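A short write-up of the structure that comes next.
What follows is calculated from the coordinates using simple rules that are stated; it is not laboratory data. None of the values given here were measured: they were computed from a predicted structure. Ideal geometry is used to build each Cβ from the backbone, glycine not excepted, and the neighbour counts take in all protein chains shown.
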């Protein structure tokens, strides 16, 4: 059956005409799905029962199901492990800031990128998420938490630019003025650095904030911890980021996971400042999350020294506030645990 929540308004209007219904019915259905956010065709009360029957025979409205929900005792952070219709799992994190509620969503089941410090790759890559499965992370979280999400981060499990077409469809649906109306200025997309897609994104989504996972100021070090750098080395990545800024006017954020003894020395800070000195950049320093399968650790004092040095060099930098540290808020940990449990059940 067709995934109706992933369809654009023109696609939906064409689909209802194929069912021998007037075109305006498509707009009614679209409103029910993306504004009213109904979960069943029976809830579309201004449609005839005959049309609802047709829709049920041709289309499905997907749902996600909460497999696990962890609420932090330290702050308002809530982490969800969602079960998808095919039994796979993804993670979503709800965070509270002074300006409102922000949601970090996944774009793939697993990840191919193989970053050495990240838990998302441990359980392996399975598939891309559809646009509807990304939208549903917002809808189901808002329903469960009773809040309205005002900001979005594509920084959960998966590499968004490796699922480019579905992510673009998701962003189009999210920002559609006849539907959900979220400005892309409230959306941040994080990438490990797929250069051709960064340039294509610049042509497609001018309001979006681009966050690049950098994590090391040199090719040699980045090659070791981020395999993508072997295909798209730092000079190419920096050129793509400059292109993004030139096309969109949006300052690029560089994510830098501070790892003790790996990339947190003052020499590393000096090299990073030299790398970014000609860019309109913001550096987001992230004390790396501890993952039991990885041997990386954070030193918050080193992160503070790193930030102070960058600021002295005229590069705006912040140290990310740690949220949800008591609930395994690092991406991929809950999914990995769920996979281990399922494996144990099968062995039994």
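Ordering 243, 232 by the number of other Cβ atoms within 10 Å of each residue's own Cβ, fewest first, gives 243, 232. Taking only Cα atoms, what is the 0 to 90° angle, nearest 10, from helix 195-204's long axis to the longest principal axis of the chain? Taking the Cα atoms of the chain, the angle to 195-204 is about 50 degrees.
For the stretch 34-165, what ratio Rg/Rh do Cα atoms give with a Kirkwood hydrodynamic radius?
Values: Rg = 16.5 Å, Rh = 16.2 Å.
Rg/Rh: 1.02.
Label separation (residue 180 vs residue 45): 2.6 nm, computed from points 7 Å beyond Cα along the C-beta direction.
Residues within the reach of a label modelled at residue 97 (point 7 angstrom out along Cα to beta-carbon, backbone nitrogen below 16 Å), restricted to the stretch 198-212, are 208-212. Cβ crowding within 10 Å ranks 254, 97 as 97, 254, fewest other Cβ atoms first. First measure r as the distance between the Cβ atoms of residue 219 and residue 165, then evaluate 1/(1 + (r/R0)^6) with R0 = 30 Å and state the FRET efficiency to the nearest 0.05. According to the calculation, E is roughly 0.50. From the alpha carbon centroid of the stretch 244-292 to that of the stretch 169-191 is 26 Å.
With n ≥ 4 as the cut-off for DSSP H runs, can you work out [θ] at 222 nm for the chain, using -39500 (n - 2.57) per run divided by the number of residues, rounded to the nearest 500?
Numbers: 12 runs with 133 residues, N = 348.
So the calculated ellipticity at 222 nm is -11500 deg cm²/dmol.
Give the calculated FRET efficiency between residue 267 and residue 83 to the nearest 0.05, with a Förster radius of 35 Å applied to their Cβ-Cβ distance.
Values: r = 46 Å, r/R0 = 1.31.
Computed FRET efficiency for residue 267 and residue 83: 0.15.
Against the longest principal axis of the chain, how steep is helix 49-58, in degrees 0 to 90 to the nearest 10, with axes from Cα atoms? In the chain, helix 49-58 runs at an angle near 50 degrees to the longest axis. Note on the chain: antiparallel DSSP beta bridges, both residues inside, total approximately 40 percent of the bridges counted.
Which shape class, rounded, prolate or oblate, goes with the stretch 9-80 when its Cα gyration tensor gives a ≥ b ≥ c as root eigenvalues, a/c under 1.5 marks rounded, and past that a/b bigger than b/c marks prolate? Kindly include the intermediate steps, with their values, before the conclusion.
Values: a/c = 3.25, a/b = 2.73, b/c = 1.19.
Prolate, because a/c is 1.5 or more and a/b exceeds b/c.
As a rough footprinting exposure proxy, the listed residues 188, 107 were ranked by other beta carbons within 10 Å of their own, and the order from fewest upward is 188, 107.
For residue 20 and residue 247, calculate 0.36 nm times their separation in residues minus their Cα-Cα distance, and state this gained length in nm to one decimal. Working shown, then result.
On the way: separation 227, 0.36 × 227 = 81.72 nm, distance 4.33 nm.
The residue 20-residue 247 span can extend by a further 77.4 nm.
The modelled label-to-label distance between residue 27 and residue 143, using points 7 Å beyond Cα along the C-beta direction, is 2.7 nm. Compared with the dominant principal axis of the Cα atoms in the chain, helix 24-34 is inclined by about 40°.
Each residue of the stretch 65-347 gets 130 Å³ once the volume of the Cα convex hull is shared out per residue.
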